[in-house]
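Enquirer: Sending over a structure as C-alpha cells; questions will come in a sec.
The values are calculated or read from the model by the stated rules, or taken from the named source; none is laboratory data. Quantities reported herein were computed from a predicted structural model and do not represent experimental measurements. Cβ sites come from the backbone with ideal geometry, for glycine too, and all protein chains shown count toward neighbours. With ligands, DNA and RNA removed, areas are computed over all heavy atoms of the protein, side chains included. Shrake-Rupley method; radii C 1.70, N 1.55, O 1.52, S 1.80 Å.
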Amino acid sequence: MTVETIVANITGNPKEDDKIYDKAGEILRAGGLVAFPTETVYGLGADALDVKASAKIYAAKGRPSDNPLIVHIADMDALYKLSSEVPKTALKLAEKFWPGPLTMILKKSDIVPDSITGGLGTVAIRMPSHKVAAELIRKSGVYIAAPSANTSGKPSPTLASHVIKDLSGKIDMIIADDTVDIGVESTIIDLSEEVPAILRPGYITKEMFEEVIGRVTIDPAITDGVKAGVVPRAPGMKYKHYAPKADVTLLEGTFEQFKAYVDAHADQNPSCLCFTGEAEKLGWPCVEYGREGDGADQAKHIFRSLRALDEQGDGVVYARCPKKDGLSMAVYNRLIRAAAFRVIQL
Ligand code: AMP
Ligand code: MG
C-alpha cells in the first residue's frame, strides 16, 4: 500500500516549525509513522505503547519482528514509567550522558508491549539531545519507538534524502533537518544484568562509561559477529547490516600494502573505500569515508559512503580498516558488518 509522505523542512522560524511539530504530533497520536533527525542518525518513529503503530514500523522497514526497538523519551519521569527497575548505574549514566547518544537496556515495566521488545523482558531507552527529536517527543506527548529510518539491511540514514529514498510512500511524514551530527547509532549498554555490557559501540566509549560506573564488558559479537549456536544479547546483531550491494572486504594494513593488494586483484575490477586524500593515489574507482585516524570524521561519513558505493552498483570493494579505539571502534563495527566479517590481515 502506498501512502502520501509529507516532507517538512525545519526552518528555524519557531512559528513555522511549530506547525510541523503539531502535524507530526497529530500523526503519532493517531498511530502513524514520522521520520525525524537525531544527533546520531534519522529515526523512524511511532507511539511506543500503540501495538498497531509499532507494527507499521516493522512493515515499512521490512524489519524482522524479533529485532526490538529503542524507545525515545524526553524526561526522567518516562524512565520510571517504562522500566520496572532503575539501577543506580542507570541514574549515574543518565546524569552524565543524557540527553545524548546513549541507549540503556533495563528491565521493562508492564506498560511496554512485548511487540516492541521482541518478546524480551527488557526495554531499550534513550533520551536524544537533538532539538528536533526532543521537541517532537515533548510536543507529541508520546514515547517514541524509533529504529533507524532506513530499509532493513541498508546503511542507516544521515541525510533526509536517504530517508526519502528508502521510505517515501511507506510512511506518513519525514521531518527534514540535515543536522545529524555523529553519524553512527547510539551506544547501547545493557544494565539489566550484574556486569554492564556494551552491546553496540557508538559515540560513548567503554572508557567514558568506566569513568562513571566502573568495569563494563564489551559483547564479543561487536567485533567477531555472532557465533553459531549463540543467542546474541542484542537481537539486531545477528543480522547482516549496513550492507551495500557490493561485496566488501576489509584489508588491515598500511596504505602501501592496501594499494599492492588491490593492484594485484586488478582482474576483479575492484573499487575502494578509502581514507580522505587517498583516492587519487589509488587509481581505482574510490569512495573516501573520512580522515585516517579520525574516528569522529569517519563516523560522520561512513553510512553515506556506503550508500555512495551502492550508487556505483555492485562488484568487489576493498576497504581500508579503521583503528579500533574510541569512536573508530563504532566505525569498525559498522564496516565489518557491511563486509559480512570478511577481514584480511595484510
Ligand atoms: P536500531 O533501532 O536500528 O538502532 O537498532 C536497535 C538495536 O537495539 C538493535 O540491534 C536491537 O537488537 C537492540 N535492542 C533494542 N532493544 C533491545 C533489548 N531490549 N535488548 C537488547 N538489545 C536491544
Ligand atoms: Mg538500524
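Enquirer: Looking only at residues that are closer than 13 Å to V184 by Cβ and surrounded by 24 or more Cβ atoms within 10 Å (Cβ to Cβ) in segment 306-327, which one is modelled with the highest pLDDT?
Expert: P322
Enquirer: Residue under question is D110, and the condition is that it be outside any helix (DSSP H, G or I) and more than 14 Å from ligand 1 (Cβ to nearest atom); does it hold?
Expert: Judged against the criteria, D110 is a match.
Enquirer: Just need a number here: residues in segment 21-43 that are open to solvent by 20 Å² or more (accessible area, probe 1.4 Å) and either touching a Cys at 6+ places or on another chain (Cβ under 7 Å) or not in a loop (DSSP other than H, G, I, E, B) (or both). If you could, list the steps in order and put the result at the bottom.
Expert: At the first step, the residues of segment 21-43 found to be open to solvent by 20 Å² or more (accessible area, probe 1.4 Å) are 22-23, 26-27, 29-30.
Still in the running and either touching a Cys at 6+ places or on another chain (Cβ under 7 Å) or not in a loop (DSSP other than H, G, I, E, B) (or both): 22-23, 26-27, 29.
Qualifying residue count for the region: 5.
Enquirer: Only residues in segment 315-332 that are in a loop (DSSP other than H, G, I, E, B) count as the first member; pair them with residues that are open to solvent by 40 Å² or more (accessible area, probe 1.4 Å), Cβ under 8 angstrom, at least 6 apart or cross-chain, and list the lot.
Expert: Listed by first residue and then by second, the contacts come to G315/D247; G315/Q268; G315/N269; C321/E252; C321/V343; K323/G293; K324/T223.
Enquirer: Could you check segment 49-105 for helices (runs of 4 or more DSSP H) lying wholly inside it with 1 or more residues that are over 18 Å from M127 (Cα atoms), hydroxyl-bearing (S, T, Y) and open to solvent by less than 50 Å² (accessible area, probe 1.4 Å)? Give the steps one after another, and end with the answer.
Expert: Details: elements: 51-61, 76-82, 88-97.
Filter on segment 49-105 gives 51-61.
Enquirer: List pairs: first residue in segment 23-39 and under 11 Å from D172 (Cα atoms), second residue aromatic (F, W, Y) and open to solvent by less than 20 Å² (accessible area, probe 1.4 Å) anywhere in the structure, Cβ distance under 8 angstrom, at least six positions apart or on different chains.
Expert: Listed by first residue and then by second, the contacts come to A24/F36; A35/Y42.
Enquirer: Please go through segment 253-287 and give me each residue that is open to solvent by 70 Å² or more (accessible area, probe 1.4 Å), touching a Phe, Trp or Tyr at 6+ places or on another chain (Cβ under 9 Å) and either among the charged types (D, E, K, R) or closer than 20 Å to D325 by Cα (or both), ordered by number.
Expert: If the condition is that a residue be open to solvent by 70 Å² or more (accessible area, probe 1.4 Å), touching a Phe, Trp or Tyr at 6+ places or on another chain (Cβ under 9 Å) and either among the charged types (D, E, K, R) or closer than 20 Å to D325 by Cα (or both), then T276, K281 are the ones that fit.
Enquirer: Are there any helices (runs of 4 or more DSSP H) wholly within segment 123-217 with 3 or more residues that are within 16 Å of ligand 1 (Cβ to nearest atom) and over 25 Å from A78 (Cα atoms), and if so which? I'd like the intermediate steps shown before the answer.
Expert: On the way: elements: 131-140, 160-167, 206-213.
Those helices (runs of 4 or more DSSP H) span 160-167.
Enquirer: How many residues are away from ligand 2 (no atom under 16 Å from the Cβ) and under 19 Å from the mean Cα position of the chain (by Cα) if we restrict to segment 137-183? Steps first, answer last, please.
Expert: We begin by selecting, within segment 137-183, every residue away from ligand 2 (no atom under 16 Å from the Cβ); these are 137-143, 160-161, 164, 168-169, 172-179, 181.
Among the residues that remain, those that are also under 19 Å from the mean Cα position of the chain (by Cα) are: 137, 143, 160-161, 164, 174-179, 181.
Residues that pass the stated criteria total 12.
Enquirer: Right, here's the next one. Which pairs do you get when a residue that is of a type in the set (D, E), found in segment 1-13, comes within reach of a residue that is surrounded by fewer than 15 Cβ atoms within 10 Å (Cβ to Cβ), reach meaning Cβ atoms under 9 angstrom, with the pair 6+ apart or on two chains?
Expert: Note: pairs meeting the criteria are E4/G169.
Enquirer: Of the residues that sit in segment 227-273 and are of a type in the set (K, R) and without any contact (Cβ under 8 Å) to a residue 40 or more places away in the chain, which one is farthest from ligand 1 (Cβ to nearest atom)? Write out each step before concluding.
Expert: In the first step, residues of segment 227-273 are kept if they are of a type in the set (K, R); the result is 227, 233, 238, 240, 245, 259.
Then keep just the ones that are without any contact (Cβ under 8 Å) to a residue 40 or more places away in the chain; that gives 227, 238, 259.
Numbers: K227: 17, K238: 9, K259: 35 Å.
By that ranking, first place goes to K259.
Enquirer: Between a residue in segment 276-299 that is within 21 Å of V316 (Cα to Cα) and any residue that is of a type in the set (A, V, I, L, M, F, W, C) and open to solvent by 40 Å² or more (accessible area, probe 1.4 Å), which pairs come within a Cβ distance under 9 Å, given they are 6 or more apart or on different chains?
Expert: Pairs found: W284/A266; G290/A296.
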